[in-house]
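Take a look at the structure below.
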Amino acid sequence: SWVGIWGYDWPDILGNEILKISKKFGVEGLQPDYRADKVYSHRFDNGLVHRLFPAEIVKSGYFPWKQNTVYSSKMIFELMKIYNTKKIIVHLNVIFDTITKSFLNKIETKRNPVFISTHGSAIIPQNRIFATKNFLKMMSHINSVNPIKRMLKKVDQISEMRNDHIEDLKRLYKGRILKMTMGVDFEFWRNDNKTTVRKKLGLRETTIFLCASNLIPRKQVDKVIQQFISLKDKYDFLLVIAGHGSEQYEKYLKELAKPLHNLKKIQFVGYKIGNELKDLYNAADLFISISKHEGASVAIMKAFACQTPVLSSNV
């Protein structure tokens with residue numbers, strides 16, 4: 001009842017676009033999932049396959065700094081088996097995480113092309129060396145440079161959004177780097193009448209604030225809630241939280257929000273997509289995103305497209 005494959009993760013969205021262009025390819029999305037007790041698989045009507053693999057927390061990093069990170073030994077085993085026996089293109093979604101590092105380091109004979117896409121948040125180790133006061137972290141960044149260079153020799157192409165990151169990546173990677181930005185469909189994400197949308201959603205007339213994201217610690221939705229609790233007696237407002245996360249973290253957020261819930265100043269509306277999410281953007285007076293590492297996410301682009309003002313963290 002808890003594990004779900006709903007078809008809206010990045011591997012599915014990108015895979016659907018590939019299948020629209022050509023039927024010559026099959027597409028499989030492999031994803032680690034804390035909630036999976038075994039491998040779960042689903043084939044959509046268009047042939048797209050999405051598989052969830054049991055995930056574990058492991059210590060990862062470069063000496064002398066190790067930290068907890070997501071890993072799936074079963075997923076890596078399956079990916080290596082496919083890589084070594086089939087004709088495929090491997091698409092990895094981030095450069096510096098444990099899954100990418102583990103997979104690339106296991107490649108002994110280059111058999112298939114590997115493409116990495118980053119999304120504007122690549123953490124370049126050279127830039128981090130003097131950005132921290134923690135000596136162990138500093139040494140870890142120094143020690144990571146040469147292993148990363150060796151690892152990236154097995155990659156055929158990397159895409160990046162940001163010009164400054166492209167220049168930084170060139171110091172680590174001598175292969176082809178493609179500038180490829182993220183975006184949204186401006187024919188769909190567009191402004192609508194606020195009053196009409198609010199009536200449709202049954203929202204009362206007040207100042208409405210919206211947070212829409214995965215409900216995970218780095219999005220810092222708990223800090224948004226805490227700020228609104230401090231304002232609850234002074235102002236009238238409604239804070240709308242859209243998104244989902246682990247059962248434990250959602251329970252923590254809802255418990256934290258009780259002072260607002262008792263005054264009917266907060267609504268948790270769950271995971272929304274498509275027209276339902278667009279209506280929420282258009283109903284809001286302000287969209288809030290204070291993620292630790294996303295200053296201009298796709299969620300923020302959607303707000304811009306709907307002409308909804310944005311409050312964003314300076315990252």
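Looking at Ile95, Ile99, Ile158, Ile129, which one is at pLDDT 90 or above, hydrophobic (A, V, I, L, M, F, W, C) and over 16 Å from Gln67 (Cβ atoms)? Only one candidate qualifies: Ile158.
Comparison of Arg198, Arg204 shows that the only residue that is surrounded by 12 or more Cβ atoms within 10 Å (Cβ to Cβ) and either modelled with pLDDT of 95 or more or out of contact with any Phe, Trp or Tyr (no Cβ under 6 Å at 6 or more places or on another chain) (or both) is Arg198.
Note on the range 211-260: residues that are in contact with a His (Cβ under 7 Å, 6 or more places away or on another chain), exposed (fewer than 13 other Cβ atoms within 10 Å of the Cβ) and not in a helix (DSSP H, G or I) amount to 0.
The residues of the range 242-263 that are under 17 Å from Phe209 (Cα atoms) and in contact with a strand residue (DSSP E or B) (Cβ under 8 Å, 6 or more places away or on another chain), listed by number, are Ala242, Gly243, Leu253, Lys254, Ala257, Leu260. Taken over the range 188-210, the criterion of being of a type in the set (Val, Ile, Thr) and part of a helix (DSSP H, G or I) is satisfied by Thr195, Thr196, Val197.
Here the range 169-187 is the region considered, the condition is being open to solvent by 60 Å² or more (accessible area, probe 1.4 Å) and part of a loop (DSSP other than H, G, I, E, B), and the residue that is modelled with the lowest pLDDT is Thr181. When the range 263-315 is limited to residues that are aromatic (Phe, Trp, Tyr) and buried (at least 20 other Cβ atoms within 10 Å of the Cβ), the one that is nearest to Leu203 (Cα to Cα) turns out to be Tyr281.
Given the structure, is Lys81 on the phi < 0 side of the Ramachandran plot and either touching a helix residue (DSSP H, G or I) at 6+ places or on another chain (Cβ under 6 Å) or in contact (Cβ under 8 Å) with a residue 24 or more places away in the chain (or both)? Against the criterion (on the phi < 0 side of the Ramachandran plot and either touching a helix residue (DSSP H, G or I) at 6+ places or on another chain (Cβ under 6 Å) or in contact (Cβ under 8 Å) with a residue 24 or more places away in the chain (or both)), Lys81 does not qualify. For the range 45-93, the tally of residues that are open to solvent by less than 100 Å² (accessible area, probe 1.4 Å), in contact with a strand residue (DSSP E or B) (Cβ under 6 Å, 6 or more places away or on another chain) and over 23 Å from Leu152 (Cβ atoms) stands at 8.
Of Leu238, Leu231, Leu203, which residue is among the hydrophobic types (A, V, I, L, M, F, W, C), farther than 30 Å from Arg35 by Cβ and touching a residue at least 60 places away in the same chain (Cβ under 8 Å)?
One residue alone meets the criteria, Leu203.
Arg198 satisfies every condition listed in (1) under 18 Å from Leu286 (Cβ atoms); (2) without any contact (Cβ under 8 Å) to a residue 24 or more places away in the chain; (3) not acidic (Asp, Glu) except (2).
Restricting Gly15, Gly7 to those that are without any contact (Cβ under 8 Å) to a residue 40 or more places away in the chain, surrounded by 15 or more Cβ atoms within 10 Å (Cβ to Cβ), under 21 Å from Met182 (Cβ atoms) and not aliphatic (A, V, I, L, M) reduces the list to Gly15.
Consider the range 100-150 and keep the residues that are of a type in the set (Lys, Arg) and assigned to a helix (DSSP H, G or I). The one that is most open to solvent (accessible area, probe 1.4 Å) is Arg150.
Scanning the range 12-35 for residues that are within 17 Å of Lys86 (Cα to Cα) and of a type in the set (D, E, K, R) returns Lys24, Glu28. Scanning the range 39-70 for residues being of a type in the set (S, T, N, Q) and over 30 Å from Lys20 (Cα atoms) gives a total of 4.
The values are calculated or read from the model by the stated rules, or taken from the named source; none is laboratory data. Treat the numbers as computed from the prediction; the structure is a model and nothing was measured. Counting neighbours? That spans all protein chains shown, and the Cβs are built from the backbone with ideal geometry, glycine included. These accessible areas exclude ligands, DNA and RNA; they are computed on the full protein's heavy atoms, side chains included. Shrake-Rupley method; radii C 1.70, N 1.55, O 1.52, S 1.80 Å.
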